[in-house]
Structure formats: structure tokens, C-alpha cells
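A.B. asks: Could you have a look at this structure, given as C-alpha cells, before my questions?
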Amino acid sequence: MSTCQNCHTNFPITQREADFHARLSVPAPTWCFECRLQRKMMFRNYQNLSRQKCLKCGKEIISMFSEQSPVTVWCSDCFVSDTWEAQDFALEVDFSRPFLSQVRELMQTVPQQHLNQKQNENSPWNNHQSQSKNCYMNFGGIANEDGAYNHWSGFTANCLDNYALLNSQVCYETNLVTECYQTFFSHFVFNSHEVYFSENCFNSSNIIGCFNLKSKSYHIINQPVAPDEFRQELKKLRSYAYQQEFKQRFCAFKLTQPYPAVHHVATTDSTGDYLVRSHNNVNIFTAVEVQNCTNAFSVGFIKDCMDMFSSSLGTELCYEYGGDGQKCYKVLFSFDCEQSQDLFYSYHCFNCSDCFGCVGLKNKQYCILNKQYSKEEYQALLPKLKQHMGNLPYTDAKGRVYPFGEFFPGELSSFPYNDSIAQDFYPLTAEQAQTQGMRWRPEKSAQYTPTVQATNLPDQIDQVPDSILKEIIACEHEGTCSDHCTRVFPIIPMELEFLRTYGMPLPHLCPNCRHIRRVKQKNSMKLWERACQCAGTTSQSKAYQNQVAHDHRASACPRVFSTTYAPERLEMIYCQECYQAEVV
């Protein structure tokens, strides 16, 4: 057992992890999994954008960096110009100072692009988005078209207000939905269409308020209905007031049904949650097509990696790495590097190899702190640098040390804690963040005065005039939550057209609050050992009557498993075998 430097809890280093450390010749971590993940999240800001001026040409830009940020922020035109290169800012290694202090200087002086966008069209207010068209306030995605307020979406069209949406069209207010069409207010739905207010459903169509359905059509609250009855209920759901009532009824109904211990689709030999088409993984959360990985969140199409965050598309044998890491190999303790290999402690490097402590390089090899070395010089310095990081490690303001083998300290992040996505998954108050040595952005004062209260909005979309596009709506949370609440919000033309087309009422929360509400639908990234709550012919609580005989017959199920459902929660949790016997 090891003791986490940050939260002081004990955590194990498994044999699988130790073997991986040995394979890459790196020491074991000194922070637990969740603290390591939280630290990597501190280096990513998706949605908190502001207006400022390019520090090169003075042009007004939309930026993911605040005006108080210590980094040098340039507009896209200046950043991609051939009048400069990152090696212009190279540093000589100073063995009298902690190496990561020198990396920090590079992070602040090497220019950074105001937004992370690649090959987008008509999509200025987006961040960490690529190959997308006609999108607004989309964050963390690829190949999206005609969408708004989506987070971590890919290959979608005409979708608004979704989280972790993949290969889908015409979706609204969904969470962890894959290969769906016309799906609304639903959670963990796969290969389905015309789905409303449903959860854990597969290969189904024309369903409302259903839970655990597979290959069914025309059902309401898990009961079969005629098409006319389905359409009548759908007509009622055009009312905002009726939607709120229906949500409460659906939540009560779900507690009478068995929940799966894990949310897996076509996944084998894996622990964690929300895995699709993945194999032989340990402690992986929200992933698609991942193999032989350990300790990761929000990853896709990677293999043989450990301690990863938000990486995808051909990444292999990487460790303690986060960001938009496509096609990386053996990239360690780094962030936002692409198509690179054999990097250590590097940041925003592209198509590089054999670099240590570099920032913003493109098409370079054998560099340290952005300075060019020969192959022989680089290989001679590499072991000396690792030893130096052990002998004189970076120490942060709270006394936590970062020798070789630890990811960047949170102090090196370009973002205040409450602007980073760490606040979405590990929310803190200003006092808590500052006590832990993290920067905090003071609350922004309201820039707009609301012209209409959410409670006074029309109940149905067909009652909404075009003039709503000129209104400033007060968010129902009124800034009292910890959800990045903007207090006020507009209705944009794309949104109004979508809501009218599909009969959905106006939202009452600002986009940020809507996003955090979806995030909170997910279980935490923590596993508990629990026993199956199937008692034989019923659940332990007797609230659910099993529909078929299970392999343990009338006796209680003896299986135990790892699950993200904490023991004190109200849901009845079945093991995969019992759950799959019921959901056929």
C-alpha cells in the first residue's frame, strides 16, 4: 500500500500496474488514481471562454484563457504564421533549479493558440473541436455538424445539449448515447430511435419512460402500447410542466427495476463503467474501443496505456498522459501532444519524437526545453535529467514533491481550478481550492440584465414567438449553484428551430447548468465491491419480481462485483449474469 501525497488515503499498486511501470522504466506514482486524474483535468478548459486581445497583433479574440492567465495567448493567424517557431524560446538546462520550474517558464512564454480548433467551418465559439461545421459552443469533439452545447461528441448531426454522444443524429439532452436517432432526455441508450426519457435501452424504437428495454418498440414505462397511445403521450410531453411531472414518475419507476452493476456494451474482461466494445481493461471509465488499458477516463481507440485522460485514435503505450493525444506512442507525463513518440514532460507538441520538457514544438527530434541537441547529446543528458528530477524535485506551495515519474503539478496549469473541467467532476469551493494550493478565478459580475424569468416562459414551444431570440432569460439557478452558472442565457436561432421541429419546450437553465446536470447523471469514477441484490425469485427488497429463472434458482445470488454504485444508494444492483437474464 502507498499513501497519496494529496488526499493521504492508502491506495494499492497492483501487479498489473507494477509490470507496466517496469515495462516503461518509471517509478510507481505517489498520488492515488482519483487525485492523479483530477490533476490532469486541471490542464483542460473546455467551456469557460472570454473575449480578450491577441498579445501579438492586438486583434480581439475568443479565448479559453482568462485575461489574468500567465500564458502568452495569440490569435490563430499569428499562431500558425511562419514568422516564428517554438525553438525561439529555448532554454539551457539549469541543474541548480528544479527541472519543472524551467518547463513552467516555457509554458508561459511559448505562445499558445487562443482556442484549440482544427479544420472547422463556421464554428468560432467552439473549443477542442475538429472537423466540424456550423457548430456553436461545442466542446471536445470531432466531425460534428449543425449542433450546439454538446460536450465530448463525435460524428453527430443536428444535435443539441448532449454529453458523450457518438455516431448519432437529432439528439437532445442525452447522456452517453451511441448510434441513435431522435433521442431525447435519455441516458445510456444504444442503437435506438424515437426514444424519450429512457435509460439503459438497446435496439429499441418509439419508447417513452422506459428502463432496461431491449429490442422493443411502442412502450411507455416498459408497457406495450398502441401507436396512437404513444403519439398521445408524446403530445403531452410538449408541455414543460408535464415533462417535470413525468420525470418524477420515471425516477420512481426506475427504483423498482434492477440496475446493471456496470454499463458495458460488447465489452469483456474489464472493470470500470460505461465501456463500449472494449477488452481486458482495469478501472476504465467512459471509453470506446479500448484494449489492455488501466486507469483511464474519457478515452477511445487506444491500447496498452495507463493513467490516461481524454486521449484517442491510435494512441499506444502512453502513461500519465492527457489531452488531445491522437496517434501517440510512448508519451509520458505530458499533455496535448499529437502524432508523437518517446516524449517526456512535454506540452502541445506535434509530430515530435525524443523530446524532454518541451512546449509547442512541431516536427522536432532530440530537444530538451525546446533546445536542439544531437542524438548523442540527447541520449547522454536523458538519464542525468531523470536523476536531477529525483535529487532536486519540484515542490509546490503545499509541500508536495514531483520527482521524475509524476505528472505536471497543478500549479503549472494555465487555468484557474474553477475554469478547468476538474471542477465539473471534482467540484470545490473557492476556499477548498485555495486551501489545496490551486488558483481560483473570482466570480464574474453579471454583464446582462434578464428580460424574462424562466418561470414566465411559455409552457409549450408553439406558444413561443420569434421575439424570444431577443430576450435574455434568467437561469433558474440564479448563480446559487456551483455549476459555472451564467445567471442569464439566450435562445439561439439554431436552438429555436430545433425545439420547434421536435416539439420540445424551452429550457429553464443556462447551458452550463444543463451540462453539469448531465454530468451528475453519471456515477463517480470510483469502484465499490458489492454483492448481487438478486434474492432468487425477487430482489432482496421484494420490490422487483424476476421474470425468468436464474442459474442460482431460488437461492440468493452469491456473486460479488465491482460497481460505481455506492453501497448507500437506493438502486437495486444486479450482477451482469442476473441483469442480462432479466433484460432479454
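The values are calculated or read from the model by the stated rules, or taken from the named source; none is laboratory data. Please read these numbers as outputs of a predicted model, since none were measured by experiment. Don't worry about glycine lacking a Cβ; one is built from the backbone with ideal geometry, like all the others, and counts go over all protein chains shown. Note: accessible area is taken over every heavy atom of the protein model, side chains too, but ligands, DNA and RNA are not part of it. Shrake-Rupley method; radii C 1.70, N 1.55, O 1.52, S 1.80 Å.
A.B. asks: Working out 0.36 nm times the residue gap between ASN351 and SER562, then minus their Cα-Cα distance, what length gain in nm do you get to one decimal?
C.D. replies: Full extension of this stretch gives 72.0 nm more.
A.B. asks: For GLY272, what residues show an amide H to amide H distance below 5 Å, using hydrogens built from the backbone and excluding near sequence neighbours?
C.D. replies: Sorted by chain and number, the residues that satisfy this are ASN283, ILE284.
A.B. asks: Which cross-chain or sequence-distant (5 or more) residues have an amide H under 5 Å from the amide H of ILE61, H modelled 1.01 Å from N in plane?
C.D. replies: Residues meeting the amide H criterion: GLN52, LYS53, CYS54.
A.B. asks: Still on this structure: With a 1.4 Å probe and every protein chain left in place, work out the accessible area per residue of region 4-49 in Å², rounded to a whole number.
C.D. replies: 39 Å²
A.B. asks: Given points 7 Å out from each Cα along the Cα-Cβ axis, report the ASP19 to SER541 separation in nanometres with one decimal.
C.D. replies: Modelled inter-label distance: 4.0 nm.
A.B. asks: Still on this model: Quick query: amide H of ARG559 versus all other amide H atoms, modeled in the peptide plane; which residues come in under 5 Å with a sequence gap of 5 or more or a different chain?
C.D. replies: Sorted by chain and number, the residues that satisfy this are CYS532.
A.B. asks: Another one. Using a Debye calculation, one point per C-alpha and no hydration shell, please list log10 I(q)/I(0) for region 127-271 at q = 0.13, 0.15, 0.20 Å⁻¹ in order.
C.D. replies: Values returned for q = 0.13, 0.15, 0.20 Å⁻¹ are -0.58, -0.75, -1.16.
A.B. asks: Send over a whole-number figure in Å² for the accessible area per residue of region 443-584, probe 1.4 Å.
C.D. replies: Counting only protein heavy atoms, the per-residue value for region 443-584 is 52 Å².
A.B. asks: Where the Cα atoms of region 252-323 are projected onto their three principal axes, how long is each span, largest first, in whole Å?
C.D. replies: 43, 21, 17
A.B. asks: Mind checking the per residue accessible area of region 288-385 for me, 1.4 Å probe, whole number of Å²?
C.D. replies: With all protein chains present, region 288-385 gives 31 Å² per residue.
A.B. asks: Let me have the relative contact order for the chain, percent, based on Cα pairs under 8 Å that are six or more residues apart.
C.D. replies: In percent, rounded to a whole number, it is 11.
A.B. asks: Between ASN167 and TYR329, what is the label-to-label distance in nm when each label sits 7 Å out along the Cα-to-Cβ direction?
C.D. replies: Roughly 2.7 nm, to one decimal.
A.B. asks: To continue, here is another question. Provide the gained length on full extension for the span THR449 to ASN10, in nm with one decimal, where the gain is 0.36 nm per separating residue minus the Cα-Cα distance.
C.D. replies: 153.1 nm
A.B. asks: Next question, about the same structure. Hey, what angle do you get for helix 375-391 against the long axis of the chain, alpha-carbon based, 0 to 90 degrees rounded to 10?
C.D. replies: The helix 375-391 is inclined about 70 degrees to the chain.
A.B. asks: Along Cα→Cβ, 7 Å out, is where each label goes; now give me the distance between the ones at LEU469 and LYS520 in nm to one decimal.
C.D. replies: 3.3 nm
A.B. asks: Hey, what do the phi angles of region 510-516 turn into as Karplus ³J(HN,Hα) couplings, whole Hz, using 6.51/-1.76/1.60 and θ = phi - 60°, x for Gly and Pro?
C.D. replies: 5, x, 5, 5, 5, 5, 5
A.B. asks: Return a whole-number percent for the relative contact order of region 174-257, with Cα pairs under 8 Å and 6 or more residues apart as the contact set.
C.D. replies: After rounding, I find 15 percent.
A.B. asks: Taking square-rooted eigenvalues a ≥ b ≥ c of the alpha carbon gyration tensor, is region 61-164 rounded, prolate or oblate, where a/c under 1.5 means rounded and, failing that, a/b exceeding b/c means prolate?
C.D. replies: prolate
A.B. asks: I need the peptides 522-534, 405-417 ranked by packing, meaning the mean over residues of other C-beta atoms within 10 angstrom, with the highest value on top.
C.D. replies: With the highest mean Cβ count within 10 Å placed first, the list reads 405-417, 522-534.
A.B. asks: Here's another thing I want to ask about it. Could you calculate the FRET efficiency of ASP88 with ILE492 from 1/(1 + (r/R0)^6), where r is the beta carbon distance between them and R0 is 51 Å, rounded to 0.05?
C.D. replies: After rounding to 0.05, the efficiency reads 0.80.
A.B. asks: While we're looking at this one, here's another question. Residue-wise, which Karplus ³J(HN,Hα) couplings in Hz belong to region 494-499, taking 6.51 cos²θ - 1.76 cosθ + 1.60, θ = phi - 60°, and x for glycine or proline?
C.D. replies: 4, 5, 4, 4, 4, 4
A.B. asks: Setting aside same-chain residues fewer than 8 positions from LYS520, which lysines have a Cα under 18 Å from its Cα?
C.D. replies: Qualifying lysines at Cα under 18 Å: LYS247, LYS254.
A.B. asks: Moving to a separate point now. Would you kindly derive the ³J(HN,Hα) couplings of region 533-545 from the backbone phi angles with the Karplus curve 6.51 cos²θ - 1.76 cosθ + 1.60 (θ = phi - 60°), listing them in order in whole Hz, with x for Gly and Pro?
C.D. replies: 9, 7, 9, x, 9, 9, 6, 4, 7, 6, 6, 10, 9
A.B. asks: Something else: Could you rank the peptides 281-291, 8-18 by their average count of other C-beta atoms within 10 Å per residue, with the highest value first?
C.D. replies: Order by mean packing, descending: 281-291, 8-18.
A.B. asks: A follow-up question, please. Indicate the gyration tensor shape class of region 239-283 (rounded, prolate or oblate), computed on the Cα atoms with a ≥ b ≥ c the square roots of the eigenvalues: a/c under 1.5 is rounded; otherwise a/b larger than b/c is prolate and the rest oblate.
C.D. replies: Cα axes put region 239-283 in the prolate bin.
A.B. asks: Highest mean first, how do 225-238, 45-58 rank when packing is the count of other Cβ atoms within 10 Å averaged over residues?
C.D. replies: Ranked by mean Cβ neighbours within 10 Å, highest first: 45-58, 225-238.
A.B. asks: Given the C-alpha atoms of region 201-247, compute the convex hull and give its volume per residue in Å³.
C.D. replies: 64 Å³
A.B. asks: State the percentage of accessible surface on the chain attributable to carbon and sulfur atoms; use a 1.4 Å probe and exclude ligands, DNA and RNA.
C.D. replies: With neighbouring chains kept in place, the figure for the chain is 49 percent.
A.B. asks: Please work out whether region 424-561 counts as rounded, prolate or oblate from its C-alpha gyration tensor, where a ≥ b ≥ c are the square roots of the eigenvalues and a/c under 1.5 means rounded, while otherwise a/b larger than b/c means prolate and anything else oblate?
C.D. replies: oblate
A.B. asks: Considering the options ALA148, GLN68, LEU24, tell which one lies farthest towards the positive end of the dipole of region 20-167, charges being +1 on Lys and Arg and -1 on Asp and Glu at the Cβ, about the Cα centre.
C.D. replies: LEU24
A.B. asks: How much FRET efficiency would the formula 1/(1 + (r/R0)^6) give for ASP228 and PHE155, where r is the Cβ-Cβ distance and R0 is 30 Å, rounded to 0.05?
C.D. replies: 0.30
A.B. asks: Right, something else. In whole percent, what relative contact order does region 188-236 give with Cα contacts below 8 Å and a gap of six or more residues?
C.D. replies: 24 percent
A.B. asks: What is the list of residues in region 507-532 whose amide nitrogen lies under 14 Å from a point 7 angstrom out from the Cα of GLU571, following Cα to Cβ?
C.D. replies: 519-528, 530
A.B. asks: Any idea how many Lys pairs in region 323-481 come in under 20 angstrom at the alpha carbon, given 8 or more places apart or on separate chains?
C.D. replies: For region 323-481, qualifying lysine pairs total 14.
A.B. asks: Along the positive direction of the dipole of the chain (beta-carbon charges: Lys, Arg +1; Asp, Glu -1; about the Cα centre), which of GLN372, SER2, GLN257 reaches farthest?
C.D. replies: Checking the options against the dipole of the chain, the answer is SER2.
A.B. asks: Quick check on the chain: what are the equivalent-ellipsoid semi-axes from the Cα gyration tensor, as sqrt(5λ), descending, whole Å?
C.D. replies: One finds semi-axes of 42, 31, 20 Å for the chain.
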